[in-house]
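Structure first, commentary second.
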Amino acid sequence: MLGLKKTIVMVGMMGAGKTAVGTALARALGAPFLDSDEEIIRAADRSIAEIFERDGEAFFRARETEVLNRLLHGAPCVLSTGGGAFLSDTNRSLIRSNGVSVWLRADLDVLWSRVRHKTTRPLLRTANPYQTLRALYEARMPFYQEADLTVDSSADLSVEAMAARVVESLLTRPDVLERT
């Protein structure tokens, strides 16, 4: 059995599998799973799309940092973040100091196949959502590359197989997992 010493923070683009893989990872480790976006929704009592529309992205990002700070100072867990969370210097510093970041790296075509039919992505509500996704992808890659660990995603891998890949990667970090 593996015990969790610090919070594992799943980072990456929308559609990379942060929530699905994070949930499977938490189950495999017997650890709690939290989603920073869900925590923001619960606190605001509004959807992320509604927050973006009513209060703007800057307001949302400030709430995101507050939630990350609170969760990172709580009991160790597996934490899924929104695609833009890791872009903030403050958030990256909080994660680096209090957890370990795992970038689920997926190529643009895989991401597009997963998000193209979703209506819950406010950043893709544009005239050309594929071009928007591509621009976000290109702009965010340098930030995601700063993650502590990188695990490559593949369209042909199950969620459980991806979670197993993450566990393998985490086992290289004795500060995160311990055999109990």
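The values are calculated or read from the model by the stated rules, or taken from the named source; none is laboratory data. Note that the structure is predicted; figures quoted are calculated from it, not measured. Ideal geometry is used to build each Cβ from the backbone, glycine not excepted, and the neighbour counts take in all protein chains shown.
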## Note on the structure
Of the residues in region 75-104, those that are under 19 Å from residue 19 (Cα atoms) and more than 11 Å from the chain's Cα centre (by Cα) come to 75, 76, 77, 87, 91, 92, 95, 99, 100
### Query
Do we find that residue 79 is in contact with a helix residue (DSSP H, G or I) (Cβ under 7 Å, 6 or more places away or on another chain), in a strand (DSSP E or B) and either aliphatic (A, V, I, L, M) or on the phi > 0 side of the Ramachandran plot (or both) in this structure?
yes
### Summary
Going through (1) basic (Lys, Arg); (2) farther than 29 Å from residue 160 by Cβ; (3) modelled with pLDDT of 95 or more one by one, residue 27 fails only at (2)
### Query
Is it true that some residue in region 114-131 is in contact with a Gly (Cβ under 6 Å, 6 or more places away or on another chain) and at pLDDT below 90?
yes
